[in-house]
1. Is at least one residue of segment 105-127 under 17 Å from LYS36 (Cβ atoms), open to solvent by less than 80 Å² (accessible area, probe 1.4 Å) and within 17 Å of the chain's Cα centre (by Cα)?
2. Within segment 83-98, which residues are open to solvent by less than 70 Å² (accessible area, probe 1.4 Å) and not aliphatic (A, V, I, L, M)?
3. SER72: among the small types (Gly, Ala, Ser) and at pLDDT below 85, yes or no?
4. Only one of (1) under 18 Å from the mean Cα position of the chain (by Cα); (2) modelled with pLDDT of 75 or more; (3) not basic (Lys, Arg) is not met by ASN143, so which one is it?
5. Give the residue that is surrounded by the most Cβ atoms within 10 Å (Cβ to Cβ), with candidates limited to residues of segment 26-72 that are basic (Lys, Arg) and in contact with a strand residue (DSSP E or B) (Cβ under 7 Å, 6 or more places away or on another chain).
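The values are calculated or read from the model by the stated rules, or taken from the named source; none is laboratory data. Everything numeric here is computed off the predicted structure, so don't read it as measured data. Note: ideal-geometry Cβ built from the backbone for every residue, glycine included; neighbour counts use all protein chains shown. The protein model used for the area step is the full one, side chains on, heavy atoms only, and it has no ligands, DNA or RNA in it. Shrake-Rupley method; radii C 1.70, N 1.55, O 1.52, S 1.80 Å.
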Amino acid sequence: MRKIFCLLLISTSFVMFSQSKEDDFFSFYKGGNKYKKPVKYVFFNAAHGYEKKEANDKIYFYMSGQTFVFNSKAHKIDTLAINNLKKYELENPENLQKKASEFYKEKKTIEEKRMNLKRPIMYPPTDFCKYFRIFVLEKTDQNTLLQYEVDWQYNKF
């Protein structure tokens, strides 16, 4: 009985921890602490002047000066019921830059405390694209949502 319980416990822990991919984490430097990327949802609405363009195996979403790229070779499209839209906290694409900057500063402070430094480290951020895991939600004609996991390629830095 004890062996079965231990086996169930170990297999459950493997299943729980295998849900996260390496892309779900980031670190400030090679070999540093890994932090989980927060998930952000952006709603694609053509009525707001957002554009969607397809080229090769990629779909480009242009929203409020931000560019998000869905690569069909790296990510998958998921279909959701329109009722699920209320469950997600939707972000304004214009505010993502500010939120990423705040998230960066928060994690940088944690790193400095962990290293016991008296002077702050000057990590010059090149961009903030790598700190969030972003999904673009698009409404279809059949009252469903398409969920694209995208890479944030361009921001107004």
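1. yes
2. If the condition is that a residue be open to solvent by less than 70 Å² (accessible area, probe 1.4 Å) and not aliphatic (A, V, I, L, M), then ASN84, TYR88, GLU91, ASN92, PRO93, GLN97 are the ones that fit.
3. no
4. Here ASN143 meets the rest and fails (1).
5. The qualifying residue surrounded by the most Cβ atoms within 10 Å (Cβ to Cβ) is LYS40.
Residue by residue, here is whether (1) farther than 21 Å from PHE44 by Cβ; (2) assigned to a helix (DSSP H, G or I) holds:
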{"position": "ILE59", "(1), (2)": "no, no"}
{"position": "TYR62", "(1), (2)": "no, no"}
{"position": "THR67", "(1), (2)": "no, no"}
{"position": "ALA74", "(1), (2)": "no, no"}
{"position": "LYS86", "(1), (2)": "no, yes"}
{"position": "GLU94", "(1), (2)": "no, yes"}
{"position": "GLN97", "(1), (2)": "no, yes"}
{"position": "GLU102", "(1), (2)": "yes, yes"}
{"position": "GLU106", "(1), (2)": "yes, yes"}
